[in-house]
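Contents: one structure, followed by commentary.
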Amino acid sequence: MSEEDSVSYSDMDSRGFLLIRDFLDQSEVEMLKQDFESAALEVNSNYSVRRLSASAMDRLEPKFRHVNEQVAAQSSVKVDCLNDGVYFSTVSEKATLSSPRKGAQAFPWHQDHENYWMWFDVKNYLNFYMPVVKPVVEKSNLTVVPLDRLHERAPEIHDKLLGRGATRVLPSGSKWVVKDDNRGGKVGTLDFDPAEIEETPELRPGDLLLLRGDLIHRTQDSSTRRVAASIRYINSETQVPRASLAKGGLAKMLMMLNARYLFEPVFQCFDNADGSSVRASEIDLHLKQVRERRLSGQEAQNTSKLAFLSRLTKEKLRS
Ligand SMILES: O=C(O)CCC(=O)C(=O)O
Ligand SMILES: [Fe+2]
């Protein structure tokens with residue numbers, strides 16, 4: 001029996017994540033290492049990431065598809081479209097919102113932000129997280145808050161966080177506050193340290209940690225030099241509502257501005273469509289075309305800050 005046969009895919013509903021050991025073989029890990037070395041840094045000022053090449057993602061696509069079929073058969077999570085992939089390194093190559101000290105990058109507790117704003121549906125959204133450079137098995141992993149354990153300890157917060165994103169969990173005295181970076185304010189308060197219910201699967205290069213888009217997670221530590229590929233799947237049939245993208249508080253505006261190279265093309269999709277929503281597959285296709293044009297130098301890498309702020313303001317007024 002292979003590793004994959006013993007995986008309980010229904011964990012995607014009950015726990016929000018699952019682990020498949022030795023998902024990638026040596027040559028695939030080697031291929032990703034080389035791909036990382038040759039990838040340029042993204043123009044994202046929220047964090048330091050490099051993007052996977054389309055050819056690296058294409059090569060692994062059949063493997064991902066097989067997993068997605070199993071997940072769809074055994075849980076309620078449905079994804080079918082490889083949208084994007086980035087490399088997260090614990091060694092930051094620039095100062096960003098998530099670099100706690102010079103040269104290091106560690107993400108504190110959060111639900112992902114940008115994908116929640118871009119796709120809206122993060123339950124039908126998967127993060128294929130695979131270490132590529134991983135010198136110490138018990139260090140620099142990804143720590144998660146399993147859904148079942150959160151439900152047991154804080155059922156109300158669990159219910160509020162299901163299907164949602166763009167939050168951070170921060171210490172506040174003896175409690176922990178769940179900050180809402182979407183609308184501002186807070187989602188709620190935990191009267192215990194999330195570390196009490198966390199789990200940290202110890203990963204080796206090529207292992208796959210598969211996470212739902214609404215799972216709370218953080219970097220375990222950035223004490224070793226670790227690089228992980230993180231490949232993102234969406235559901236092509238999701239209808240993305242126009243009104244939600246520009247709506248929100250200051251934290252959202254700032255993060256969108258820092259990643260305007262991602263959001264400007266989404267607004268362009270809405271401009272080109274006339275309805276109040278656009279199918280995720282259409283946005284995905286447009287993003288890929290923009291990426292291609294940027295790679296070949298036919299289009300600027302980024303939009304100006306001022307132009308994006310004016311766009312955002314107009315959209316806010318519109319909705
Ligand atoms: O690699 C890390 O430590 C953070 C990764 C992360 O936050 C993510 O994959 O969404
Ligand atoms: Fe994340």
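Since every read-out is calculated from the coordinates, none of them should be taken as a lab result. Just so it is clear, the model here is predicted, and its values are computed rather than measured. Cβ coordinates were reconstructed from backbone atoms using ideal geometry, including for glycine residues, and neighbour counts include every protein chain displayed.
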* Given a cut-off of 15 Å, what percent of all Cα-Cα pairs of region 263-311 lie beyond it? -> 49
* Within region 218-239, whose backbone N sits under 16 Å from a point 7 Å along Cα→Cβ of Ser319? -> 239
* What list of ³J(HN,Hα) couplings, whole Hz, do you get for region 201-208 from phi and the Karplus terms 6.51, -1.76, 1.60, once you set θ to phi - 60° and write x for glycine and proline? -> x, 7, 9, 10, x, x, 6, 10
* Among rounded, prolate and oblate, which fits region 14-69 when a ≥ b ≥ c are the square roots of the eigenvalues of its C-alpha gyration tensor, a/c under 1.5 means rounded, and a/b larger than b/c means prolate? -> oblate
* To do: Could you tell me the distance between the Cα centroids of region 233-278 and region 161-210, to the nearest Å?
  => 24
* **Within the chain: Cβ-based charge dipole about Cα centre, in debye rounded to nearest 20 (Lys, Arg +1; Asp, Glu -1)** => 1520
* Structure fact -> Here, region 238-319 modelled as identical Cα point scatterers in vacuum has Debye log10 I(q)/I(0) at q = 0.14, 0.26 Å⁻¹ of -0.47, -1.38
* To do: Could you grab the relative contact order for the chain? Cα pairs under 8 Å, six or more apart, rounded to a whole percent.
  => 24
* Which residues' amide hydrogens lie under 5 Å from the amide hydrogen of Cys81, considering only partners 5 or more residues apart or on another chain, with H built in the peptide plane? -> Ile234, Ser236
* Search the structure for amide H atoms under 5 Å from the amide H of Ser277, placed 1.01 Å from N in the peptide plane, and list their residues when 5 or more places away or on another chain. => Arg242
* Structure fact -> Using alpha-carbon coordinates alone, the radius of gyration and Dmax of the chain in Å work out to 18.8, 57
* To do: For Gln268 and Gln26, calculate 0.36 nm times their separation in residues minus their Cα-Cα distance, and state this gained length in nm to one decimal.
  => 83.1 nm
* To do: Could you calculate the contour length gain from Ala54 to Lys247, that is, 0.36 nm times the residue separation minus the distance between their Cα atoms, to one decimal place in nm?
  => 66.3 nm
* Please name which of Asn258, Leu285, Ala243 has its Cα lying farthest along the dipole of region 238-319 towards the positive end, using unit charges on Cβ (Lys, Arg +1; Asp, Glu -1) and the Cα centre as origin. => Asn258
* How much net charge surrounds Tyr47 when only other residues with a Cβ under 12 Å from its Cβ are counted (Lys, Arg +1; Asp, Glu -1)? -> -2
* **Nonlocal amide H pairs with Ser75, under 5 Å, H built at 1.01 Å** => none
* To do: Read phi for every residue in region 269-286 and hand back ³J(HN,Hα) as whole Hz from Karplus 6.51 cos²θ - 1.76 cosθ + 1.60, θ = phi - 60°, with x for Gly and Pro.
  => 4, 5, 4, 6, 9, 9, x, 8, 8, 10, 5, 4, 4, 5, 5, 4, 4, 4
* Determine, for each peptide in 57-64, 83-90, the mean count of other beta carbons within 10 angstrom over its residues, then list the peptides with the highest first. => 83-90, 57-64
